[in-house]
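For reference, the structure is listed below as structure tokens.
The values are calculated or read from the model by the stated rules, or taken from the named source; none is laboratory data. Because the structure is predicted, anything quoted here is derived from the model rather than measured. Quick reminder, even Gly has a Cβ in these numbers, built from the backbone with ideal geometry, and neighbours come from all protein chains shown.
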Amino acid sequence: MKIINIYSVVMMLIGINILSAQQDPNFTFYMYNMNLINPAFAGANDGPNLGLNVRSQWASVQGAPETQSFIFGTPLGKKVGLGISIVSDKTFIETQTALSGDFSYKLPLSNTLDLYLGIKAGFNSYDVNAAGLITYGIASDPSLMDIDGQFSFNAGLGFYLKHKDYYIAFSMPKILTPDRLTQDGGRARLGTDKIHYYATGGYTINLSSKFTLKPSAMVHYVEAAPISIELTALIGISNRIDFGASYRYDESISGLFIFKTKNWLEIGYAYEVAFESPVRNIDNGTHEILFNLKL
């Protein structure tokens, strides 16, 4: 790859991700791995659930963003749910890994409506290759050396209103603001993370005995960044196949396909295309793979 292409990618990330208080990773399959952003979903299924998600952005660009996540959730008795999540995220000069534990408590509101309250607590490892900025002519503050190998604690909370036909949820998965890379006047320096807010909802519409329509939405807000709005619509066939599309406002559009095996295994693939990208001529879009195992 030509150095000019690498340079344009890095400059775009510095200009967009860092200036916009760098949002947490986006997931096209957000409705299938809600534990990552909302602890109230831990144990909300009928039984134990194990999930793996792999997302590769700009597949042909060396060092482009990659995210791997692992989740596990299980009910413990009739009202308590427990979960664990691991997220590894790499973006050129930044690398971070988060390990979190989730606890949820169910409050029955009626025969068909339950409210889940959740809390999340965990640790985050964050590394920055500050020397890599020099390669691209970006000045760095000596204070960046203080966050190389940083290890910090964080906590979050959320609620989840579950009906047999719909759900509504809100969460703040990280309420503390540890140090991280930021940018000021063309110079990379030590800054702080921002609190992320997520609002999600979905509905299941029975079209016939075999077909269902599943619209869902997620709104993601973080200070100093544009609000991210994602709309998804899936068609379900005989509880074996889900397929459809997702639209992230003014950012991208995706196609999704999920295959289900006897109600215990879900395998999904999504392909996302950005509306505007500085690497449009050299990247192959964004690929995302999902595995969910119901134990």
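Pairs only if they're at least six apart or on different chains, beta carbon under 8 angstrom, first in the range 96-111 and farther than 21 Å from Asn154 by Cβ, second of a type in the set (Val, Ile, Thr) and part of a strand (DSSP E or B); list them, first residue then second.
These pairs meet every condition: Lys106/Val80.
Of all strands (runs of 3 or more DSSP E) completely enclosed by the range 122-234, which ones contain at least 1 residues that are of a type outside the set (D, E, K, R) and at pLDDT 95 or above?
Once the strands (runs of 3 or more DSSP E) in the range 122-234 are filtered for at least 1 residues that are of a type outside the set (D, E, K, R) and at pLDDT 95 or above, what remains is 150-163, 166-172, 196-203, 211-222.
Of the numbered conditions (1) outside any strand (DSSP E or B); (2) surrounded by 14 or more Cβ atoms within 10 Å (Cβ to Cβ), Asn239 fails exactly one; give the number of that condition.
The failed condition is (2).
Identify all residues within the range 273-292 that are modelled with pLDDT of 65 or more and buried (at least 17 other Cβ atoms within 10 Å of the Cβ); write none if there are none.
Ala274, Gly285, Thr286, Glu288, Leu290, Asn292
How many of the residues in the range 252-272 are surrounded by fewer than 16 Cβ atoms within 10 Å (Cβ to Cβ), closer than 21 Å to Gly201 by Cβ and either in contact (Cβ under 8 Å) with a residue 60 or more places away in the chain or of a type outside the set (A, V, I, L, M) (or both)?
Residues meeting the conditions: 0.
Condition first: touching a Lys or Arg at 6+ places or on another chain (Cβ under 6 Å) and β-branched (Val, Ile, Thr). Now tell me which residues in the range 42-90 satisfy that.
Within the range 42-90, Thr67 is the sole residue that qualifies.
State yes or no: is Leu107 at pLDDT 95 or above, surrounded by fewer than 20 Cβ atoms within 10 Å (Cβ to Cβ) and more than 24 Å from Lys162 (Cα to Cα)?
No; evaluated as a whole, the condition is false for this residue.
How many residues are surrounded by fewer than 20 Cβ atoms within 10 Å (Cβ to Cβ) and in contact with an Asp or Glu (Cβ under 8 Å, 6 or more places away or on another chain) if we restrict to the range 227-236?
2
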